[in-house]
Structure formats: C-alpha cells, structure tokens
Amino acid sequence: MITGKEERPRVLTDLPGPEGKKIVVDDEKYLATTTKAAPAVVKDAKGVVFEDVDGNVFFDFTSGVGVVNTGHCHPSVVNAIREQAGKVIHFAGTDFYYNVQVKLAKRLTEITPGAFEKKVYYGNSGAEAVEAAIKLARWSTKRKFILAFMGAFHGRTMGALGLTASKIIHKQSFFPWMPGVVHAPYPNPYRNVFGIDGYEEPEELVNRVIGYIEEMFKRYVPPDEVAAIFVESLQGEGGYIVPPSTFLKELRKLADEYGIILVDDEIQSGFGRTGKMFAIEHFGTEPDVLTMAKAMASGIPIGAAVFNAKYDFGVKGAHSTTFGGNLVACAASLATIDVIEKENLVENAAKQGEIMHKRLKEMQEKYEIVGDARGLGLMQATEIVKSKDSKEIAPKMRDEIVDRALRKGLLLLSCGESAIRYIPPLSITKEQVEAGMDILEEAIKEVNSNL
Ligand SMILES: Cc1ncc(COP(=O)(O)O)c(C=O)c1O
C-alpha cells in the first residue's frame, strides 16, 4: 500500500507487467483509439505517488494531464465527494436551483482576476468551457470572427477544434470545423516563428506579432467583425511556451481598441499550476472571459467560463447543458479551492517550481540534447534537440527519454513537437522534486551519450 509520502519510486517488472498487459490488451480491443502515451496501468494513487496493478510504484509528474493539482485523492476532496454523493448527486442546476453551485460560482468570481462583476457558466470539460466562451462572445458582440494563435490547443469539439492549431493530427480529416477563425503566430522566444534566424529581443517579438495582427485587420479580417481573441497565457500543449512579459498587455490594448473580447484559456495553467492562481496574473492584465477545467475539481469532470457579467446571454435557452455544474463536481471544486488555499499550494508551486527549473537549467547546460528549459511554477518543460546550435527537433530522442524515465519510475508526458512537460501535483515536496529530477537526468544522460 502506498502512502503518498514515498521518497523514491520502485519498478520491479517490465512495463506493462503481467497484470498490466492483460488490461492493455483488453483496452486495445474495446476502447476507441485516443492519445495513449505510456503503459502505466494505475491501481492506487495518493499525492504524487501511484502504484500499478503489478505493484510497481511511480512518481506522477503528469497529474493526470494537469488535473490533480491537490495530489491524487486528497482526503478533503474525497470527503467532500462522499458527503455530497450521500445527499444529492444530480438535479440539473441549469433548470433548477441548489446552493453548492451558487457558492462555487461566487468563489470563482472571487479568485479570478478582474475587479468587475462576473458570472459563471458551467460545462463538463475544457472544450465545453471554450465552446461556451465562443458562444458568449458571438452572442454578445453579434460579431463572427475569432482570432487564435498558432500552436494553440483549445479542445477537440468542432468549435474548439477550429481554434486549435497545435498538431495536424488533431485536425486531419475533420474539416469543416467551425469557420471564421484566423490564427496569428504566438511569440515563442526559443523558436523564431517568423523563420528568421537568431534571437529577437522579447519586445521586438511582441511588436512583430501585434504588427502581424494589425496587418490581418487591414487586409482580410475586419476588426469590427472580430468577436474574440482566444489566448493561452502560457501556451500548453503547443510546447509550454512562456510568452514575453508584455504580450498579454499588448493583446489587452488591441482588444480594447477594437471592442474585442479577450478570452484567457487557463484550462491547463489555472488553479495554482504556474505559481499564481491563474497564469495571466504573471503578466499584470485581466481578461474579459477566463476558461477553466482540468484542476478545477481534482479529477471530477467540470469546466467553466467565468466572464464579465455584461456579456451574459440574458435570455433563457440560448445556451445550457444537462450535467454542467453537477453537485458532486461543485462540492469537489469547492474542496479543491479550500485545499489550494489552506495548504498554500500556489506558494509551494512557485517554490518547488524554482527548484525544478534550476535543475532543468543545469541539464540544459550539461547536455547537448537539452536545447531549452522553460516554464513558470510547476508548469515546466525542456525542449529536446539534435544539437543546441541547430535547434533541430528530436521527437524520437524525446520519446526515448520519456520511456526510459518511466522504466525508472517517473511518469512524464510530452508536449509540442519535441518537448517534455513536468507537471507534478502542487503538493510535491523538495525531496520528491529532486528524486524526479535525478531520474530524469539519468534518462537524459543515457540518451545524450548515444549521440
Ligand atoms: C489550454 C487548453 N484548453 C482546452 C483544453 C481542452 O480540455 P478538455 O480536454 O477537457 O476538453 C485543454 C486540454 O488539454 C487545454 O490544455
């Protein structure tokens, strides 16, 4: 039995082990193909630690893809779920009333940036939160176009997919997705998105992106027909790109100038992940709409768009959903926010993130194949390249590092074309960060020595 306090992983079998293999075989037979990344077959999980069905013990540096910021099965969240499930599980909060939904909405309006009056729309996932934001923006402005960014990931439903521009596999064979979306380059300080070699000053990079958008507005996208700009304050699936510090402020100015709604997608970066409650707080600006999901209820499905109250639909029936804001999910979300606050998890994310970032930077110095180390708080990544000079992507080497790390007990996920992301629960201890980084370094060293 694991306690969550383990200081080292322990892998005793091949992966998947004999029990795990049976489940993997059945999974392949009965489940639709999705995005399976590693043969990790979980049985039990606590905090940062999980045990598989063959008794191997791992550190989870993925948090269920950025979901369990409070750690796996935090006792306060588990209690809140049990307690609510014993009273009422579902009653359709869109059509009737219950207090836990209202209480959570009030808390969300308090913890999100912006001193204006806000309202909350509940969905069941990140993509649904994005769909709601698209509909709010179109409804309230009566405009049609949406601006998003290259490398963006906003979800896979047909509306959100229109905004997503991260990997071609997400879009291949699915056209037509929602029309009316245009994309501008996201300012990437490591890889020059304009194809010009050499380092550009961060502010110059931002000026170029804003200039690019202004050019679009002059030539083929009438700005007074643009409903919203969707942006990730720290671009996630696209490669964990931290934009230059002025980028979000400049977007805010642009949005204000043309009466466009600024939507900040914090579905991956929210709830303390970056060392602030929401990543946009690093950049001193406020969005009109903020989308959230993943970490919102520590693993119970829920998503939300928190928006300036003036953009509300205002009429019944324009938008709604059966399960959105389900009672158990709302109770789990309230408990999640309490845990984040009481256990100072935002501060811990900043503190442990610094330790992690320092280790990743040291690896960047030491190993030819680590081209970049970047991130905020516990949303960190390294870019794996063939050589530092060429910056040429090396997805095979990246995948080999991820695989070797798993066999040593560290579960990781990739992102972007050639990067690895490090997103453990925010409750992680210094010893666990160091142990994870030791394993990662072993894996990187082995792959680097095969150059
Ligand atoms: C920034 C961002 N937006 C939207 C989504 C879509 O969320 P979901 O998978 O819950 O639909 C994701 C998922 O990774 C995300 O990272």
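Carbon-plus-sulfur accessible fraction, region 78-342 (probe radius 1.4 Å, protein heavy atoms only): 56%. When both region 51-66 and region 200-262 are represented by their alpha-carbon centers, they are found 38 Å apart.
Between the alpha-carbon centres of region 273-303 and region 86-149 there is a gap of 13 Å.
Considering only Val78, Trp177, Thr291, and ranking their Cα positions along the charge dipole of region 78-342 that arises from unit charges at the beta-carbon of Lys, Arg, Asp and Glu, the one farthest toward the positive end is Val78. The magnitude of the dipole of the chain, with charges of +1 and -1 set on the Cβ of Lys/Arg and Asp/Glu and taken from the Cα centre, is near 960 debye.
Of the chymotrypsin sites (Phe, Trp or Tyr not before Pro) found in region 94-148, the ones in coil according to DSSP and having at most 14 other Cβ atoms within 10 Å of their Cβ are Phe96, Tyr97, Phe116.
Summed over the residues of region 78-342 and divided among them, the accessible surface reaches 43 Å² per residue at a probe radius of 1.4 Å. Potential lengthening of the chain between Glu28 and Arg8 amounts to 4.1 nm, from the contour at 0.36 nm per residue minus the alpha-carbon distance. Near Ile261, the amide H atoms lying under 5 Å from its own belong to Ala228, Ile229; only residues 5 or more places off or on other chains count, and H is placed 1.01 Å from N.
Where both bridge residues fall in region 78-342, DSSP classifies roughly 45% of the beta bridges as antiparallel.
Peptides 334-340, 30-36 ranked from most to least packed, by the mean per-residue count of other Cβ atoms within 10 Å: 334-340, 30-36.
For the chain, DSSP calls about 70 percent of its internal beta bridges antiparallel. Model label points for Val78 and Lys218, set 7 angstrom from Cα along the Cα-to-Cβ axis, are 6.1 nm apart.
With the helix formula -39500 (n - 2.57) applied to DSSP H stretches of n ≥ 4, the chain reaches a computed 222 nm mean residue ellipticity of -11500 deg cm²/dmol. Between the listed residues Gly303, Tyr97, Pro425, the Cα displaced farthest toward the positive end of the dipole of the chain, a dipole computed from Cβ unit charges relative to the Cα centre, is found at Tyr97.
How much length is gained if the chain between Gln172 and Asp95 is pulled fully straight, taking 0.36 nm per residue apart and subtracting their Cα-Cα distance, in nm to one decimal?
That works out to 24.0 nm of additional length.
Annotation for region 91-144: trypsin sites (Lys or Arg not before Pro) lying in DSSP loop with at most 16 further Cβ atoms inside 10 Å of their Cβ are Lys142, Lys144.
The largest accessible area among Asp26, Asp389 belongs to the first residue in Asp389, Asp26, and the rest follow in falling order (1.4 Å probe, all chains). Placing pseudo-labels 7 Å out from each Cα toward the beta carbon at Ser320 and Thr35 gives an inter-label distance of 3.2 nm. Pop the C-beta distance of Ala115 and Glu354 into the FRET formula with R0 = 30 Å and round what comes out to the nearest 0.05. Efficiency, from the Cβ-Cβ distance: 0.55.
Under the criterion of Cα pairs below 8 Å and six or more residues apart, the relative contact order for the chain equals 21 percent.
Take each peptide in 411-420, 37-46, count the other Cβ atoms within 10 Å of every residue, and average; sorted highest first, the result is 411-420, 37-46. A straight line joining the Cα centroids of region 382-422 and region 304-334 runs 38 Å. Using the Karplus relation 6.51 cos²θ - 1.76 cosθ + 1.60 with θ = phi - 60°, the per-residue 3J(HN,Hα) values for region 432-444 come to 6, 4, 4, 4, x, 5, 4, 5, 4, 4, 4, 5, 5 Hz, with x marking Gly and Pro. Name the residue farthest towards the positive end of the dipole of the chain from the options Asn450, Val41, Ala331, assuming +1 on Cβ of Lys and Arg, -1 on Cβ of Asp and Glu, about the Cα centre. Going by the Cα projections, it comes out as Ala331. Each Lys and Arg adds +1 at its Cβ and each Asp and Glu adds -1 at its Cβ; summed about the Cα centre, region 78-342 shows a dipole of about 860 debye.
The values are calculated or read from the model by the stated rules, or taken from the named source; none is laboratory data. Predicted model only: the values in this text are computed from it and were never measured. Neighbour counts run over all protein chains shown; Cβ positions are idealised from the backbone, glycine included. Side chains are part of the model used for accessible areas, which takes the heavy atoms of the whole protein and leaves out ligands, DNA and RNA. Shrake-Rupley method; radii C 1.70, N 1.55, O 1.52, S 1.80 Å.
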